[in-house]
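First the structure, then my questions, so here it is.
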Amino acid sequence: MSVATHTAEPTSHPHRFLGEGHEQSERKTWTVIWLCGAMMCAEILGGLLFGSIALVADGLHMSTHAGALLLAALAYTYARRHAENANFTFGTGKFGDLAGFTSAIVLAMIALLIGYESVTRILAPVQIHFVEAIPIACVGLAVNIASAWLLSSSGHHHGHSHGEQDDHAHEEAHEEAHAIATRTGDLLLEVFEDGVPPRFRLRAARGPAPDAATTRVTTTRPDGVKQEFTMVARGEFLESMATIPEPHAFDARISLGADSYTTVFEEHSHGHGATGRDNNMRAAIIHVVADAAVSVLVIVGLLLARAFGWLWMDPLAGIIGACVIASWSYGLIRDTGAILLDRIPDRRLAEDLRTTIESDGSRLADLHLWRLGPGHLGAIVSVCPKEPCTADYYRAKLARYPALSHLTIEIQ
């Protein structure tokens with residue numbers, strides 16, 4: 001028999017899983033749509049009049065990302081208006097990810113189109129009117145920079161190192177080292193967990209590490225539970241033989257022979273960057289930044305073609321731009337697709353949840369963890385307790401993970 005519970009009262013449980021600054025992002029996206037739409041018309045017209053395929057390509061791409069921005073704005077609007085709609089079981093937080101996935105598909109298609117047209121122009125060059133084409137490309141670059149600045153100023157940051165989602169969450173591998181003043185000099189004590197189970201590491205600020213045989217670390221938790229850690233030498237530092245149970249909130253007493261010193265560790269929630277990322281805004285920024293990159297390549301290609309008569313530089317700029325856009329599109333498709341398929345958004349967080357549940361001898365029988373929206377996670381936790389206890393007990397243990405916006409606990 002099992003018992004299920006939620007983290008809020010059943011009569012008032014919210015399902016509004018929108019990202020922080022949702023309405024501000026919506027307004028700024030609509031503003032950029034009008035700005036890019038005007039520049040799109042100017043670039044396409046200028047490229048056709050003055051014979052620059054790269055300029056036409058830049059304008060065509062701007063038209064597609066103007067459409068993608070429209071999709072982003074509509075997703076923001078729809079998600080906001082239907083945030084409380086009971087027909088959406090887990091809210092409308094994923095509309096942004098759906099819009100981002102669609103935008104990434106559009107990016108991939110336009111990259112193919114630019115690449116095809118550029119190769120065609122290499123095989124059959126056309127005369128370019130440099131005097132007219134270059135200023136239009138510069139104006140296009142200015143518009144893209146302004147658009148990127150406007151979107152980024154909403155507080156959402158985007159990086160183009162599109163690694164696996166789990167990699168974005170590891171900004172800090174361990175807790176900050178605690179400095180402890182002793183008679184023989186300052187010591188540094190830290191909880192180290194960079195790819196390994198958490199253990200204490202103790203080192204001297206200057207000089208060799210203390211003697212492991214006479215050094216002990218004893219933790220005292222808020223509930224009065226004590227645990228002693230034996231230290232072993234690891235070269236320039238000492239390391240505890242036993243791992244440190246979650247949570248990492250306790251008083252730590254360092255015993256150095258007859259002397260002892262105490263420091264306090266407070267639990268800090270890990271920064272799970274992928275959990276809070278607004279992929280709708282990320283897609284919008286990628287479109288604008290991609291246009292800016294293509295604009296730079298267009299200007300460089302036109303200048304070299306005019307200076308040396310290398311007409312092939314103009315379509316070459318288009319090919320390079322297509323490759324850049326395709327790369328960013330791939331990263332966006334991979335990340336948003338994983339969210340839409342309910343892939344575990346952060347493996348480290350999943351392990352943290354397991355460690356927290358099992359810290360008292362309980363066994364985590366099953367765990368489902370998925371993203372509901374920017375900064376919001378859903379979790380279904382099935383626990384086999386070591387001793388009889390209620391779901392409220394485990395809910396309290398997991399309360400230090402603020403991203404768990406919708407938590408269901410099942411006691412086996």
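The values are calculated or read from the model by the stated rules, or taken from the named source; none is laboratory data. Bear in mind that the values here come from a model prediction, so they are computed numbers and not experimental data. In this analysis, Cβ positions are derived from the backbone assuming ideal geometry, glycine residues included, and neighbour counts consider all displayed protein chains. Surface areas here come from the heavy atoms of the whole protein model, side chains and all, with no ligands, DNA or RNA. Shrake-Rupley method; radii C 1.70, N 1.55, O 1.52, S 1.80 Å.
Return, ordered by residue number, the residues of segment 71-95 whose backbone nitrogen is under 17 Å from a label point located 7 Å along Cα→Cβ of residue 340.
71-76, 79, 92-95
Taking the Cβ-Cβ separation of residue 389 and residue 236 as r and a Förster radius of 41 Å, what is the calculated FRET efficiency to the nearest 0.05?
Working from the Cβ atoms, E equals 0.45.
Under the rule of at least 5 residues apart or a separate chain, name every residue whose amide H is placed under 5 Å from the amide H of residue 182.
187
If you don't mind, there's one more thing I want to ask. Would you mind counting up the charge near residue 382? Only other residues with Cβ under 9 Å from its Cβ, with Lys and Arg at +1 and Asp and Glu at -1.
Here the charged neighbours net out to -2.
I'd like to check one number: the per residue accessible area of segment 274-412, probe 1.4 Å, reported in Å² as a whole number.
38
Go through 178-185, 241-248, 346-353 and give me the packing order, highest mean Cβ count within 10 Å leading.
346-353, 241-248, 178-185
Can you list residues whose amide H is under 5 Å from residue 372's amide H, if they're 5+ apart or on another chain and H is modeled 1.01 Å from N?
Under 5 Å from the amide H of residue 372: 377, 378.
Lysines near residue 397 by alpha-carbon distance under 26 Å, same-chain residues fewer than 8 away left out - which ones?
List returned: 226, 386.
Oh, and also: For an R0 of 35 angstrom, estimate the FRET efficiency from the Cβ-Cβ distance between residue 359 and residue 138 and round to the nearest 0.05.
0.05
Calculate, in nm to one decimal, what residue 264 and residue 249 gain on full extension: separation in residues at 0.36 nm each, minus their alpha carbon distance.
That pair, residue 264 and residue 249, stretches by 4.6 nm at full extension.
Sticking with this one: Probe of 1.4 angstrom, ligands and nucleic acids ignored: what's the accessible area per residue over segment 178-267, in square angstrom?
53
Something else now. Using a 1.4 angstrom probe on the protein heavy atoms only, line up 408, 355 by accessible area, largest first.
Descending accessible area places them as 355, 408.
Place a label point 7 angstrom from the Cα of residue 112 along the Cα-to-Cβ direction, then list the residues of segment 315-329 whose backbone nitrogen is under 20 Å away.
Once the point is set 7 Å along Cα→Cβ of residue 112, 318-329 turn out to lie under 20 Å by backbone N, inside segment 315-329.
Grab the beta carbon distance between residue 351 and residue 84, set R0 = 22 Å, and tell me the FRET efficiency rounded to 0.05.
That pair, residue 351 with residue 84, gives E of 0.05.
Testing the spin-label approximation: label points 7 Å from Cα along Cα→Cβ at residue 183 and residue 211. State their distance in nm.
For residue 183 paired with residue 211, the spin-label model returns 1.3 nm.
Moving on to the next point. Could you tell me how far the Cα centroid of segment 312-391 sits from the Cα centroid of segment 196-238, in Å?
Between the Cα centres of segment 196-238 and segment 312-391 lies a distance of 33 Å.
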